[in-house]
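What follows is one structure encoded as structure tokens, with my remarks underneath.
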Amino acid sequence: MKDLWEFFLMNWNSGVEICIIAVALYYIYSFLERTHTARILVGLALLVLTLSVISQLLNLAVIGWMLRSISVFMALVLVVLFQKELRTALMELGSQPWFAAPLPKKETIDLLIDAAFELSSKGFGGIIAVEKKFDLSSIAETGTAIDAVFSGALVQTIFHPRTVLHDGGVIVKGDRIVAAGCIFPLSQREDLGKSEGLRHRAGIGISENTDSICIVISEETGQVSVCSNGKLLRPKNIEEFRRTLNAHILIEKYENMDPSQMESKVDLPGDRGGSLVSDPGKCRPEP
């Protein structure tokens, strides 16, 4: 037992280093796994590892020298290849709860739901991103500053086909619309179907790069969808759509609250009934 204790005292710092490196590698892998560039990193690592093994086994001096030489510039290459992911990771690091933006209130989510289905019933397309912890200021700068209290009438005006801002996205922070006509990053996923147009790709893209919740209203079908964590969710009815927004917005706000109290906060009024498409008869078929 004494020898074990002495061994621990002599090597405890090595154990701490191993744990720190393991946790760091795990979080780096978890972060990259959510992006399409994970395959690039894996491919690059496999290529370097394969060349290194071959050069050692076959005693290929030139290849070994080349690998040792380019390793000096590898960090710069990785920064260039993964600059987007590094920027997102730094944003996530600075988006801790004490930096978090105010989340929309229950009343604002009611207005958000009404606005989404008003757009659907009128045949207007739309895309609305709700800011959470990630700061969307850089994306808001690509559009026109609004800074107005959220209202359904304002949303309908913005997304009216004859307005200048209708093709861009709206960013909601707390209970205010901060910008409209914004350019959202498009998802580069290859598994998306042809029915997912630019609005859906933009909604998925912003949810891949930030933790925001994005609501997409299809101009062609009137379908209302929710994008979260790079996934496109298509609720079957209005009640499911309402609960989906609660699960991704309000529950986080009240996560430390007693369950009985939280239920009264996030469980919105009863189902309005009907299809998630406001008026299926008026909607145009998928192209």
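Values in this text are rule-based calculations from the coordinates and carry no lab data. Just so it is clear, the structure is predicted and the values come from calculations on it, not from any experiment. In this analysis, Cβ positions are derived from the backbone assuming ideal geometry, glycine residues included, and neighbour counts consider all displayed protein chains.
Neighbours of residue 141 by Cβ distance under 14 Å: Lys/Arg scored +1, Asp/Glu scored -1, total -2. Restriction of the trypsin sites (Lys or Arg not before Pro) in region 181-213 to DSSP coil positions whose beta-carbon has at most 13 other beta-carbons within 10 angstrom yields 194.
Residue by residue, region 242-247 carries 3J(HN,Hα) couplings of 5, 5, 5, 5, 4, 4 Hz when phi is fed to the Karplus relation 6.51 cos²θ - 1.76 cosθ + 1.60 (θ = phi - 60°); x denotes Gly or Pro. For region 148-213, the list of GluC sites (Glu not before Pro) that fall in a loop by DSSP and count at most 10 other C-beta atoms within 10 angstrom reads 190. Note that region 161-167 has calculated 3J(HN,Hα) couplings of x, 8, 8, 5, 8, 5, 7 Hz, one per residue in order, obtained from phi through the Karplus relation 6.51 cos²θ - 1.76 cosθ + 1.60 (θ = phi - 60°); glycine and proline are x.
Taking amide H as placed 1.01 Å from N in the peptide plane, residue 130 has its amide H under 5 Å from the amide H of 172, 213, 214, 215, each at least 5 places away in sequence or on another chain.
As a proxy for reagent exposure, ranking 211, 191, 147 by other Cβ atoms within 10 Å from fewest up yields 191, 147, 211.
Working note: Karplus 6.51/-1.76/1.60 with θ = phi - 60° gives region 41-48 the couplings 5, 4, x, 5, 5, 5, 5, 5 Hz, where Gly and Pro are set to x. Going by neighbour counts of Cβ atoms within 10 Å, the residues 173, 2 line up, fewest first, as 2, 173.
For a quick check: sort 158, 18 by the number of other beta carbons within 10 angstrom, fewest at the front.
So the residues, fewest neighbours to most, are 18, 158.
Using C-alpha pairs below 8 Å separated by at least 6 residues, the relative contact order for region 98-266 is 25 percent.
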